1. Does segment 85-100 contain at least one residue that is within 18 Å of residue 158 (Cβ to Cβ), at pLDDT 90 or above and aromatic (Phe, Trp, Tyr)?
2. Condition first: in contact with a helix residue (DSSP H, G or I) (Cβ under 8 Å, 6 or more places away or on another chain) and over 19 Å from residue 190 (Cα atoms). Now tell me which residues in segment 142-159 satisfy that.
3. Return yes when residue 82 is out of contact with any strand residue (DSSP E or B) (no Cβ under 7 Å at 6 or more places or on another chain) and at pLDDT 95 or above and no when it is not.
4. Please find, among 147, 120, the residue that is free of Cβ contacts under 8 Å to residues at least 40 places away in the same chain and either surrounded by fewer than 13 Cβ atoms within 10 Å (Cβ to Cβ) or of a type in the set (D, E, K, R) (or both).
5. Going residue by residue through segment 124-131, is there one that turns out to be among the small types (Gly, Ala, Ser), part of a strand (DSSP E or B), at pLDDT 90 or above and out of contact with any Phe, Trp or Tyr (no Cβ under 8 Å at 6 or more places or on another chain)?
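The values are calculated or read from the model by the stated rules, or taken from the named source; none is laboratory data. Quick caveat, the model's predicted, so the values are computed rather than measured. Neighbour counts run over all protein chains shown; Cβ positions are idealised from the backbone, glycine included.
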Amino acid sequence: MNKTKWIPAVLLVAALASACSNNQKSTDVPATAAQEQKQEQAKPETQQMATSTSSDEKVVQNLSAPQEIIVYKQGSKQIVKPEDELFKTIFTLTNKRLVNPGYVMRFDESNEAATKTVKEGLAVEFKYEESSKNTVPVLAGTDNKQEINAKSILFIVDGENKNLMFYSEDGKNYGTAPIEYPESVELIELLKK
């Protein structure tokens, strides 16, 4: 058989395969856009826009402002109050980390991990006077959000269990489902100074 007779058949099969894959991609895009639009409409009215001090980029505020922030650095402890500029910067950079949904992890030794990090690593703790309700983005459920009640939220910035967010309703005992968020290079650099 002549090779020239096979070329049109091969080209036809390739064109059909390409068209099928393009069709599949184009149907995925509107679904994603529709989901994003639905998520935008579902944002609670309590969320505010916070401006990062390092750029003019807008960040959705997922967490309510704590009464104080405690910075743990290899065993030392620094309490930062709301009137301090450092408080505002840490608060903004932490909210910036929560723009994309995190992953809920299974973690049985949360209290031990938190204690170890406070002594050996780098962490930021948001302390509230009473249990505060916050809605955070997570890859779970249909709306990619999780409501947490916390008197304390501990963000491990560097060290073992890096990038995990532990939360505690009573301010002492952390649950077994911390959430992993992407690291913030800006926050790490700020806290290591």
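1. no
2. 143, 144
3. So residue 82 passes the test.
4. Details: 120 fails: free of Cβ contacts under 8 Å to residues at least 40 places away in the same chain.
Result: 147 is the single residue among 147, 120 that is free of Cβ contacts under 8 Å to residues at least 40 places away in the same chain and either surrounded by fewer than 13 Cβ atoms within 10 Å (Cβ to Cβ) or of a type in the set (D, E, K, R) (or both).
5. yes
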